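Report on the following structure.
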Amino acid sequence: MNLIYVAPLLGIIGLVFMIIKSIWVNKQPAGDEKMQNIADHIANGAMAFLKAEWKVLSIFALIAAILLGISGQIVEHSEWVIAIAFLIGAFFSAFAGYIGMNIATRANVRTTEAAKTSLPKALKVSFAGGSVMGLGVAGLAILGLSALFIIFYNKYVGDASANGLEMQKALEILAGFSLGAESIALFARVGGGIYTKAADVGADLVGKVEANIPEDDPRNPATIADNVGDNVGDVAGMGADLFGSYVATILATMVLGREVIAQDNYNGLSPILVPMLIAGAGLLFSIIATYFVRIKNENDSVQNALNIGNWGSIILTAFASFFIITQLMPEKLVFNRAGEEFSFSNLSVYFSVVTGLVVGALMSWITEYYTSMGKKPVLSIINQSGTGHATNIIGGLAVGMQSTVIPIIILAAGIMVSYEFSGLYGVAIAAAGMMATTAMQLAIDAFGPIADNAGGIAEMSELPDEVRERTDNLDAVGNTTAATGKGFAIASAALTALALFAAYVGLVGITSIDIYKADVLAMLFVGGMIPFIFSSLAIASVGKAAMEMVKEVRRQFKEIPGILEGTSKPEYEKCVDISTQASLREMLLPGAIAILSPAIVGFTFGPEALGGLLAGITVSGVLMGIFQNNAGGAWDNAKKSFEKGVEIDGESFKKGSEPHKAAVTGDTVGDPFKDTSGPSMNILIKLTSIVALIIAPHISTPNFSKSENHQANACCMEDGQLTKNHEMNCSISSCAMFKTEVKKIDKPNQP
C-alpha cells in the first residue's frame with residue numbers, strides 16, 4: 001500500500017472503534033422512567049443550544065468562506081479551493097462537538113444506573129462514553145486532514161514538473177481546513193463556556209448559598225440548565241477545541257516539514273507525512289489503552305486507573321514512533337531557510353517526539369498536583385476558607401499564579417531541547433508527539449462531565465446516598481482530569497504556536513523579526529494585552545448572564561409557591577433559554593477580536609509587526625491559560641473537599657458550614673476561569689497564528705523579483721524532478737550552492 005494512504009486508514013479505524021463503543025454504551029440500561037425523563041430534558045436542552053449556535057456559526061462560516069474564496073482568486077499562488085477546505089474544517093469541528101455531546105447525554109443516565117450496582121461498573125460506562133468522544137475527535141481529525149492532503153497533493157504537486165511553490169500552495173489550502181476548525185472551536189468553547197458557567201453560577205449562588213439546598217436539587221430552577229451546560233461547554237465545546245488543536249499541531253509540523261530536505265524513497269515527503277503517521281499511531285494505541293482503564297472493587301483508585309491508561313498510550317506511542325521515524329526518514333536531514341542550513345538525524349527527530357511526550361506528561365502531572373483534592377495547594381485554599389470568603393479568593397489567586405512557574409520552565413526546557421535535537425522542525429514534531437495521544441487525553445477529560453451529569457441525575461431522581469457517593473467519587477476525579485487536560489492543551493498550543501510562527505516567518509519572506517523597531521515592539525505589547533481583554537470579555541459575559549440567571553431563580557422561588565417544599569415544579573426551560581441567548585450573544589465579540597486582530601495588524605503595519613503581535617499573544621496567552629485553569633480547578637476541588645468533611649485548625653467542617661460557603665464563593669469565581677476564558681486561551685493562541693499563516697501571501701515581502709524567483713526554482717530542479725519540498729525564498733547564489741547536493745539525489749519513487 002502506498003504510504004500516503006496509511007494515515008486516513010488509521011483515522012477510519014478510530015471511527016470504527018468509536019461506533020463499536022457507542023453501540024455498547026447505548027445497550028446499557030438507562031434506569032427508570034423518572035431518570036430517563038430528566039436525561040431527556042438535559043439532552044433536549046443541549047441539542048436546542050447546538051442548533052441555535054449552528055445557525056449563527058453557519059452565517060459566519062459562509063461569509064468567511066466567500067472572503068477566502070475571493071482572496072484565493074486574486075492572490076498569486078493561492079486558490080479559491082481554500083474556501084472549500086475552510087467549510088470542511090468548520091463542519092468537521094462542529095460534528096466532533098456533536099459526537100461528544102450526543103454520547104455524553106446518553107452515557108450520563110446509564111452511568112447513574114450503573115452506579116446503583118458498583119463503582120467499577122459506573123467507571124466503565126462513563127469512561128466508555130468519554131472514549132467515544134476521544135476516538136471520534138481524533139479519527140475525524142486524522143481522516144479529514146490526511147484525505148484533504150492526498151487530494152491537494154495529487155492536484156498540485158503530483159506532477160513531476162511541479163515546483164516548491166506548488167507544495168506551498170497545497171499546504172496553504174490545507175491551512176484553510178485548520179482555520180475552519182479553530183474558528184468554530186473558539187465560538188463553541190466560548191459560547192459553551194458562557195452557557196455552562198452562567199447556569200452553574202446562578203444555581204450555586206441562589207440554590208446553595210441563599211436557599212441552602214443541595215447541588216442539583218430538582219427544586220432549583222437552574223439545575224437542568226446547569227446539567228445542559230456540562231454538555232455544551234465541557235463536552236461539545238471541548239470536542240471542537242481539541243479537534244482544532246489536533247489539526248493545527250499536525251499542520252504546523254507539515255508546513256515546516258516542507259522546508260526539510262530529505263533524500264528518502266517518498267519523493268522527499270517523509271518530513272510531511274511522518275507527523276500524520278505518528279498521530280495515527282497515537283490513535284491506534286489510545287484505542288488499546290482504553291482497555292487498561294479498569295478497577296475491580298469500590299476501594300480502588302479511579303485516578304490510578306485513568307493514569308494507567310494515559311501512560312500506556314504514551315509509552316506505546318513512543319515505542320511505535322521510533323520505527324515510524326527511523327524507517328521512513330533518511331539518516332540525515334537538512335532544514336533549510338534562506339540559504340541557512342541546520343542538519344540533524346532521524347534519531348534526533350525521534351528524540352524531539354519523545355521530548356514532546358515527556359513535556360505533555362509532566363504538564364498533566366503538575367496540573368494534577370495543583371488541582372487535586374488532598375494535595376498541598378488545594379489544602380491551602382481550604383485552610384484559608386476558615387477565615388472567610390476574601391481569604392479563600394486570595395488563596396486561590398495565589399495558587400493559580402504560583403502554578404505557572406514549573407509548567408513554564410518545563411515548556412521552555414522542552415522548546416530548547418527539541419530545538420537542539422532538530423531545529424524548528426523538532427519543536428513542531430514535539431508538539432505533534434504531545435498531541436498524538438489526544439484520543440486518550442480526551443477520553444479521560446470527557447468522562448468527567450458525564451460523571452457530573454450522572455450525579456445530577458442521581459440527586460434529582462432522589463436515589464440512595466451510596467449512588468451519589470459513587471458518582472461524586474467519579475466527579476471529583478473528573479475535575480482533576482479536566483484540569484490536567486486543559487494544562488495539556490495549553491502546553492501543546494504553545495509549541496504549536498511557535499511552529500506556526502516559524503512557518504509564518506518563512507512564508508512572508510523575512511529571516512528575523514527586529515524588536516528594536518518601534519512598530520514591532522508596540523505590537524508585542526498589544527499582543528500581550530489581547531489575552532487579557534479576551535479573558536475580560538469572556539468573564540464579564542459569564543457575570544452578566546449569571547446575573548440574569550440569579551434574578552430568574554429568585555423570581556421563581558418568590559412567585560411560584562411550593563417550589564422549595566417540592567410540591568410545585570420549577571420552570572426549567574426559562575433558565576435554559578437565558579443561558580442559550582446569553583451565550584450566543586456574548587460569544588461574538590471575543591471571537592471577532594481573535595480573528596480580526598492579526599488581519600488588521602498584518603495589513604496595516606506589515607509582516608514584522610504582525611510577528612510581534614503573535615509573540616505577545618503566545619506568551620501572555622500561555623501564562624493566562626495556565627493561571628486560570630489551575631486556579632479554577634483548585635477552587636472547585638477545595639469546595640468539593642467540604643462534601644466529605646475537612647479539618648481546619650483542629651475543627652471539622654462539612655457542607656453548609658461558613659467555611660464551605662466561602663469555598664462555594666471561590667468556586668463561583670473560578671468557574672469562568674477554568675471553563676470559559678482559561679481553556680479558550682489555547683484556541684486564541686493557535687487561531688491568531690493560523691490567520692497570520694493564511695494572510696501571509698497577501699503581506700509577504702519576497703527577497704527577489706518574480707523573474708529571479710522563477711530562475712531560482714528552475715535552478716533547484718534537476719532533470720525536471722522536484723528535489724526540495726519548500727518554496728525557494730533564497731537568493732540565486734544560495735540556490736546554486738545547493739546544486740552540488742542536488743546532483744547526489746537519485747530520482748525518488750512516488751509515495
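The values are calculated or read from the model by the stated rules, or taken from the named source; none is laboratory data. None of these values were measured; they are calculated from a predicted model. Here Cβ is always computed from backbone atoms with ideal geometry, including for glycine, and neighbour counts include all displayed protein chains.
Taken over segment 377-410, the criterion of being under 13 Å from D667 (Cα atoms) and surrounded by fewer than 16 Cβ atoms within 10 Å (Cβ to Cβ) is satisfied by A390, I394. Residues in segment 225-236 that are modelled with pLDDT under 80 and hydrophobic (A, V, I, L, M, F, W, C): there are none.
Within segment 675-683, one or more residues are among the acidic types (D, E), touching a helix residue (DSSP H, G or I) at 6+ places or on another chain (Cβ under 9 Å) and modelled with pLDDT under 85.
Would you confirm whether any residue within segment 485-500 is touching a residue at least 12 places away in the same chain (Cβ under 8 Å), in a helix (DSSP H, G or I), over 27 Å from V359 (Cβ atoms) and hydrophobic (A, V, I, L, M, F, W, C)?
Let us first name the residues in segment 485-500 that are touching a residue at least 12 places away in the same chain (Cβ under 8 Å), namely 485-500.
In the following step, the residues that additionally are in a helix (DSSP H, G or I) were identified as 485-500.
From what's left, over 27 Å from V359 (Cβ atoms): none.
No, the conditions are met nowhere in segment 485-500.
Take segment 108-144 and flag every residue that is assigned to a helix (DSSP H, G or I) and more than 20 Å from G309 (Cα to Cα). Residues satisfying the conditions are N108, V109, R110, T112, E113, A114, A115, L140, A141, I142, L143, G144. Residues of segment 633-689 that are more than 22 Å from the chain's Cα centre (by Cα) and of a type in the set (D, E): E643, E647, D649, E651, E658, D667. Scanning segment 250-276 for residues that are on the phi > 0 side of the Ramachandran plot and in a strand (DSSP E or B) turns up nothing. In this structure, S568 does satisfy being free of Cβ contacts under 8 Å to residues at least 24 places away in the same chain and on the phi < 0 side of the Ramachandran plot. Of the numbered criteria (1) at pLDDT below 90; (2) more than 30 Å from A279 (Cβ to Cβ); (3) more than 26 Å from the chain's Cα centre (by Cα); (4) not polar (S, T, N, Q), the one K27 fails is (1). For segment 255-270, the count of residues that are within 22 Å of the chain's Cα centre (by Cα), modelled with pLDDT of 80 or more and not small (G, A, S) is at least one. Would a scan of segment 505-518 turn up a residue that is in a loop (DSSP other than H, G, I, E, B), β-branched (V, I, T) and out of contact with any Asp or Glu (no Cβ under 7 Å at 6 or more places or on another chain)? Yes, segment 505-518 contains a residue that is in a loop (DSSP other than H, G, I, E, B), β-branched (V, I, T) and out of contact with any Asp or Glu (no Cβ under 7 Å at 6 or more places or on another chain). Within the set A43, A61, A52, A30, the sole residue that is more than 30 Å from I82 (Cβ to Cβ) and part of a helix (DSSP H, G or I) turns out to be A43.
Taking A446, is it surrounded by 24 or more Cβ atoms within 10 Å (Cβ to Cβ) and over 15 Å from the mean Cα position of the chain (by Cα)? If you could, list the steps in order and put the result at the bottom.
On the way: surrounded by 24 or more Cβ atoms within 10 Å (Cβ to Cβ): yes; over 15 Å from the mean Cα position of the chain (by Cα): no.
Taking the combined requirement at face value, the residue does not satisfy it.
A count restricted to segment 430-489 and to residues that are closer than 20 Å to I250 by Cα and of a type in the set (S, T, Y) stands at 2. For segment 549-565, taking the residues that are in a loop (DSSP other than H, G, I, E, B) and out of contact with any helix residue (DSSP H, G or I) (no Cβ under 7 Å at 6 or more places or on another chain), the one that is surrounded by the most Cβ atoms within 10 Å (Cβ to Cβ) is identified as I560.
In segment 400-409, which residue that is closer than 14 Å to A483 by Cα and either hydrophobic (A, V, I, L, M, F, W, C) or in a helix (DSSP H, G or I) (or both) is farthest from the chain's Cα centre (by Cα)?
Among residues in segment 400-409 that are closer than 14 Å to A483 by Cα and either hydrophobic (A, V, I, L, M, F, W, C) or in a helix (DSSP H, G or I) (or both), the one farthest from the chain's Cα centre (by Cα) is G400.
Quick one: I490 ticks every box in (1) more than 18 Å from the chain's Cα centre (by Cα); (2) crowded, with 24+ Cβ neighbours inside 10 Å except a single one, so which number is it? So I490 meets the others, but not (1). Checked against the criteria, S301 does not count as of a type in the set (S, T, N, Q), within 29 Å of the chain's Cα centre (by Cα) and surrounded by 17 or more Cβ atoms within 10 Å (Cβ to Cβ). Of the helices (runs of 4 or more DSSP H) lying entirely inside segment 566-653, those containing at least 2 residues that are modelled with pLDDT of 90 or more and farther than 21 Å from V553 by Cβ are 588-605, 607-644.
Pairing each residue of segment 615-628 that is among the polar types (S, T, N, Q) with any residue that is surrounded by 24 or more Cβ atoms within 10 Å (Cβ to Cβ), provided the two are 6+ apart or on different chains, yields C-beta distances under 6 Å for T618/A497; T618/I685; S620/P531; Q628/F673; Q628/S677; Q628/G678. Annotation: of all residues in segment 503-525 being touching a helix residue (DSSP H, G or I) at 6+ places or on another chain (Cβ under 6 Å) and at pLDDT 90 or above, the one that is surrounded by the most Cβ atoms within 10 Å (Cβ to Cβ) is M523.
Kindly evaluate K55 against the criterion of being surrounded by fewer than 18 Cβ atoms within 10 Å (Cβ to Cβ) and either among the polar types (S, T, N, Q) or within 25 Å of the chain's Cα centre (by Cα) (or both). Spelling it out, K55 is indeed surrounded by fewer than 18 Cβ atoms within 10 Å (Cβ to Cβ) and either among the polar types (S, T, N, Q) or within 25 Å of the chain's Cα centre (by Cα) (or both).
Checking the structure you have, find out if any residue of segment 174-187 is on the phi < 0 side of the Ramachandran plot, among the hydroxyl-bearing types (S, T, Y), at pLDDT below 85 and surrounded by 24 or more Cβ atoms within 10 Å (Cβ to Cβ). Write out each step before concluding.
Quick first cut of segment 174-187, residues on the phi < 0 side of the Ramachandran plot only: 174-187.
When the remaining residues are screened for being among the hydroxyl-bearing types (S, T, Y), the result is 178, 183.
Filter once more, keeping what is at pLDDT below 85: none.
Checked against the condition, which is being on the phi < 0 side of the Ramachandran plot, among the hydroxyl-bearing types (S, T, Y), at pLDDT below 85 and surrounded by 24 or more Cβ atoms within 10 Å (Cβ to Cβ), segment 174-187 yields no hits at all.
For S22, the conditions (1) surrounded by 14 or more Cβ atoms within 10 Å (Cβ to Cβ); (2) over 28 Å from G192 (Cα atoms); (3) among the hydroxyl-bearing types (S, T, Y) all hold with the exception of (2). Within segment 5-21, the set of residues being of a type in the set (G, A, S) and more than 17 Å from A289 (Cα to Cα) comprises just one member, A7.
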